[in-house]
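Undergrad: Following this message is one structure expressed as structure tokens.
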């Protein structure tokens with residue numbers, strides 16, 4: 001079965017064709033990172049306009065790369081929640097129109113489900129159930145327990161900032177460019193991860209909190225520069241040396257990753273899953289992948305999506321829809337599909 005996936009939840013315009021949920025026939029992504037870098041983050045109105053320009057050429061390219069025509073496509077899958085309202089509208093309106101025009105069944109897909117299913121695209125081996133997925137991105141930090149396909153139970157979530165969001169905010173404090181994840185990692189490569197001891201929040205069970213860590217980094221930078229806590233964060237970067245920036249980046253990254261690993265390990269010890277998955281944009285972080293490999297390889301099967309499949313793409317959307325429809329999901333009437341900028345994974 002060949003499914004065309006469409007993804008426009010934020011600032012990537014993506015389309016892909018997936019066969020039987022696991023085989024990538026094509027995967028085209030047009031990123032807007034260079035556009036939004038000048039603003040230090042994603043501007044929703046600019047993102048939506050960029051999607052309008054790119055969406056149809058990206059879909060045409062995905063079909064061409066897969067060497068398929070519309071008669072050979074069995075279904076269309078599209079991200080409809082969560083995400084930026086304008087961005088979601090462009091993707092879903094396009095998918096709805098194409099479903100009507102070509103008479104194809106339409107399957108709306110939750111963005112976080114898609115990130116989890118990127119792990120079914122990374123090789124011959126596939127995750128076994130039950131499993132625990134650590135979903136980490138700019139908008140989400142969650143631990144999700146799955147007994148089988150299309151069963152999602154949130155067992156842990158962040159009470160404030162998502163870990164990817166904090167990477168972006170710390171990068172701003174240190175004067176590093178957007179997006180913060182790759183910038184922090186690059187700066188940390190020449191830093192001392194133990195130079196600045198930072199706190200681990202005491203959260204119940206498997207929940208997360210990163211707001212306190214963000215504030216702790218800010219206070220540590222102000223202290224390092226002998227400045228009062230009233231000093232605005234945007235004035236700090238210019239006063240830091242390259243080595244100080246590297247040390248703060250390394251110390252923050254090491255602490256944030258340790259917090260994620262500690263909570264994931266706590267969940268693994270309780271639930272004893274057959275598989276552990278990383279998912280979401282932060283899953284591309286090299287230190288997270290390294291520490292997860294060290295911690296869980298001997299305990300359970302560990303699955304790490306390819307870095308290019310960790311960030312937003314449409315291959316994961318098509319994969320998630322394939323496994324959903326094979327566990328009873330019904331297509332949606334394209335005349336009735338709506339979007340939801342915020343919704344829990346169910």
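Undergrad: Here are the criteria: (1) touching a strand residue (DSSP E or B) at 6+ places or on another chain (Cβ under 9 Å); (2) modelled with pLDDT of 95 or more. Tell me which single one residue 329 does not satisfy.
TA: That leaves (2) as the condition not met.
Undergrad: Now a separate question. Could you tell me which residue of segment 8-19 is farthest from residue 94 (Cα to Cα), considering only residues that are modelled with pLDDT of 95 or more and not in a strand (DSSP E or B)?
TA: Once the filter is applied, the top-ranked residue is 9.
Undergrad: Suppose we filter segment 137-174 for residues that are touching a helix residue (DSSP H, G or I) at 6+ places or on another chain (Cβ under 6 Å) and in a helix (DSSP H, G or I); how many remain?
TA: 9
Undergrad: So which residues in segment 183-215 are in a helix (DSSP H, G or I) and crowded, with 18+ Cβ neighbours inside 10 Å, if there are any at all?
TA: If the condition is that a residue be in a helix (DSSP H, G or I) and crowded, with 18+ Cβ neighbours inside 10 Å, then 183, 184, 185, 187, 188, 213, 214 are the ones that fit.
Undergrad: Further question: Considering only segment 20-136, give the helices (runs of 4 or more DSSP H) lying wholly within it that have at least 2 residues that are more than 19 Å from the chain's Cα centre (by Cα).
TA: The qualifying helices (runs of 4 or more DSSP H) are 44-66, 85-102.
Undergrad: Out of 317, 268, 276, I need the residue that is touching a residue at least 24 places away in the same chain (Cβ under 8 Å), touching a helix residue (DSSP H, G or I) at 6+ places or on another chain (Cβ under 9 Å), crowded, with 21+ Cβ neighbours inside 10 Å and assigned to a helix (DSSP H, G or I). Which one?
TA: Numbers: 268 fails: crowded, with 21+ Cβ neighbours inside 10 Å; 276 fails: assigned to a helix (DSSP H, G or I).
Selected residue: 317, the only one of 317, 268, 276 that is touching a residue at least 24 places away in the same chain (Cβ under 8 Å), touching a helix residue (DSSP H, G or I) at 6+ places or on another chain (Cβ under 9 Å), crowded, with 21+ Cβ neighbours inside 10 Å and assigned to a helix (DSSP H, G or I).
Undergrad: Return the total of residues in segment 279-302 being farther than 19 Å from residue 206 by Cβ and in contact (Cβ under 8 Å) with a residue 24 or more places away in the chain.
TA: The total comes to 6.
Undergrad: From the list 16, 62, pick out the single residue that is more than 28 Å from residue 170 (Cα to Cα), out of contact with any helix residue (DSSP H, G or I) (no Cβ under 9 Å at 6 or more places or on another chain) and surrounded by 19 or more Cβ atoms within 10 Å (Cβ to Cβ).
TA: None of the other options fit; the residue is 62.
The values are calculated or read from the model by the stated rules, or taken from the named source; none is laboratory data. Since this is a predicted model, take the numbers as computed values, not measurements. Backbone-built Cβ (ideal geometry, glycine too); neighbour counts: all protein chains shown.
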